[in-house]
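To keep things clear, I will list the structure first and then write my remarks on it.
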Amino acid sequence: MKKQTNIAVLVSGGGTNLQALIDVWQKEGLGGGKLAAVIATKEGAYALERAAKAGIPGHVLSRKAFPSSREMTQALVDMLHDLKIDLVVLAGCMVIFTEELTNAYPNAIINVHPALIPSFCGKGFYGLHVHEAALAYGVKLSGATVHFVSEECDGGPIICQKAVTVREDDTPETLQKRIMEEAEWKLLPEAVRLFCQGRLQVEGRIVKILEEDAQ
């Protein structure tokens, strides 16, 4: 019998992508994955309330409590090991961690980014800034990307992407909402399910999705 995959979701704010994971987990399951912990990078994050309603243990690891990103990252790795976590999901987590995290969880950290990487990604591209940049550039398509996390910000191997049409009357807020609803909330649970089913094979920059009977 396949081992259960324990998942920790890292959040910083409202937790809409966390909610998408919770909804799929409760209705259909996540391919043998269990949402085992929600870790917030600041006190009072609404995502912790979502976790509590779903019966998922919530934890706070505040960036302000540590003198450096490295010390916070090491504390996070220790916490993840204590919780016996197999997969780390960054769902609206606004902290950039140091290489201790990727060293501890190679090809086992998944992030969702609200653009079609390699466009509008990397340092400074988060939240509404991504959509402001896309609209200012005049792109006709944007979307979302789910990728493995590497030491390079938004630079890890891409698992899946979905394009969303940019409308002429879009604001950063309307584009953000549509990308979440049409892309992020669908892609993230699917990528997590594929990981938990053992169907993601990483070869350099390429992620191959294996058939269910080819695991």
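The values are calculated or read from the model by the stated rules, or taken from the named source; none is laboratory data. Just so you know, these numbers come straight off a predicted model, no measurement behind them. Positions of Cβ are backbone-derived with ideal geometry, glycine not excepted, and every protein chain shown enters the neighbour counts. Quick note on the areas: whole protein, heavy atoms, side chains included, nothing else; ligands and nucleic acids left out. Shrake-Rupley method; radii C 1.70, N 1.55, O 1.52, S 1.80 Å.
Observations on the model:
- The lone exception for residue 92 - which of (1) surrounded by 15 or more Cβ atoms within 10 Å (Cβ to Cβ); (2) assigned to a helix (DSSP H, G or I) it fails: (2)
- Considering (1) small (Gly, Ala, Ser); (2) part of a loop (DSSP other than H, G, I, E, B); (3) surrounded by 14 or more Cβ atoms within 10 Å (Cβ to Cβ), the lone condition that residue 37 does not fulfil carries the number (2).
- Verdict on residue 118 being in a loop (DSSP other than H, G, I, E, B) and on the phi < 0 side of the Ramachandran plot: yes
- Within the stretch 40-72, being of a type in the set (Gly, Ala, Ser) and open to solvent by 20 Å² or more (accessible area, probe 1.4 Å) holds for 44, 52, 54, 55, 58, 62, 65, 68, 69.
- Only residues that are buried (at least 23 other Cβ atoms within 10 Å of the Cβ) and outside any strand (DSSP E or B) were counted in the stretch 105-114, giving 1.
- Looking across the stretch 1-27, just one residue is touching a strand residue (DSSP E or B) at 6+ places or on another chain (Cβ under 7 Å), open to solvent by 50 Å² or more (accessible area, probe 1.4 Å) and not aromatic (Phe, Trp, Tyr), and that is 4.
- Counting only residues that are on the phi < 0 side of the Ramachandran plot and either in contact with a Gly (Cβ under 8 Å, 6 or more places away or on another chain) or without any contact (Cβ under 8 Å) to a residue 24 or more places away in the chain (or both), the stretch 10-22 holds 7 of them.
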